Amino acid sequence: MPSSQKLWGILTRKERWGCPGAAGWRPALLVLLAGRVLLLNIYPFLAVTHRVDAHTLAAEGWVPDFAIQAAVVEFKAGSYERVYATGGPVSGLGHYVNDYNTSASVGAARLKAAGVPAEFVQMVPRRVTDRDRTYSSALALRDRFQDHHLSVQGINVVTVDVHARRTRLLFQEALGKDVTVGIIAVPNPDYDSAHWWRYSEGVRDVLGEVIAYVYAKFFFYPSAHGTGNETHAAGHE
């Protein structure tokens, strides 16, 4: 090790390498622990399931087949009187054409094909192609209830895993405080939710939904008088 002599050899300075003390390791350990807590808890936070006592069920019409199947199971297992399929123009059109070219119509057909009797299924198309599509779909459902003078006090909504917390937030905002909104998150069978960070699809889903939820929670200010059937510019689900 290099050394230097000072004061005619009375004092000697020596340099040596060593491990940092506890104070040096503490910030790094805290960062690692925080990261681990985030990895283990962010998925269950987003993919929340919380049913409420309700006779009305809704399924977002754009969801994959595994979620439609889960909605059918939910309908048959519960005491539901009606299931509503929600959603706007199907992907690729870019604008509203007619009610039958919406994910609500497609979702309703899939529910019937999967086993829900046709008389219990209703489609609620969103004619809006704006950037707040989940909220606009919920507004269209609210308008359906109001237009048909339906007294709905509780509703459970079926959606896909990490989309659930934001869906419940936006449906509750749209339907108002007089309607209790429950949510059912259907896990994606294409990856292990307990280790979502090991899969590209899991990383994409979780990180994208974190950003979307933060926006919806803290930066989204809906108009109190908006409806789900006004035409705007295209954007996010």
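The values are calculated or read from the model by the stated rules, or taken from the named source; none is laboratory data. Since we're looking at a predicted model, the values are computed, not measured. Don't worry about glycine lacking a Cβ; one is built from the backbone with ideal geometry, like all the others, and counts go over all protein chains shown. Surface areas here come from the heavy atoms of the whole protein model, side chains and all, with no ligands, DNA or RNA. Shrake-Rupley method; radii C 1.70, N 1.55, O 1.52, S 1.80 Å.
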Pairs, first under 17 Å from A164 (Cβ atoms) and of a type in the set (V, I, T) in segment 67-78, second open to solvent by 10 Å² or more (accessible area, probe 1.4 Å) and in a helix (DSSP H, G or I), C-beta under 7 Å, six or more apart: I68/R110
Unique match (being more than 19 Å from I183 (Cα to Cα), out of contact with any His (no Cβ under 9 Å at 6 or more places or on another chain) and of a type in the set (G, A, S)) among G107, G88: G88
All positions within segment 189-237 that are modelled with pLDDT of 95 or more, assigned to a loop (DSSP other than H, G, I, E, B) and surrounded by fewer than 11 Cβ atoms within 10 Å (Cβ to Cβ): P189
Scan of segment 45-99 for residues that are among the hydroxyl-bearing types (S, T, Y), modelled with pLDDT under 95 and touching a strand residue (DSSP E or B) at 6+ places or on another chain (Cβ under 8 Å), ordered by number: Y96
Among (1) under 15 Å from T167 (Cβ atoms); (2) polar (S, T, N, Q); (3) part of a strand (DSSP E or B) - the single one S136 does not satisfy: (3)
Neighbours by Cβ (under 7 Å, 6+ apart or cross-chain): first from segment 27-46, more than 18 Å from G208 (Cα to Cα); second at pLDDT below 70: none
Inter-residue pairs, beta-carbon under 7 Å, first over 24 Å from Y221 (Cβ atoms) and in segment 130-152, second among the polar types (S, T, N, Q), 6+ apart: V152/T56
Residues being assigned to a helix (DSSP H, G or I), of a type in the set (D, E) and open to solvent by 20 Å² or more (accessible area, probe 1.4 Å) - total across segment 139-188: 3
Qualifying positions in segment 79-89 - surrounded by 17 or more Cβ atoms within 10 Å (Cβ to Cβ) and not in a strand (DSSP E or B): Y80, G88
Every residue from segment 100-115 that is touching a strand residue (DSSP E or B) at 6+ places or on another chain (Cβ under 6 Å) and open to solvent by less than 50 Å² (accessible area, probe 1.4 Å): T102, S103, A104, S105, G107, A108, L111
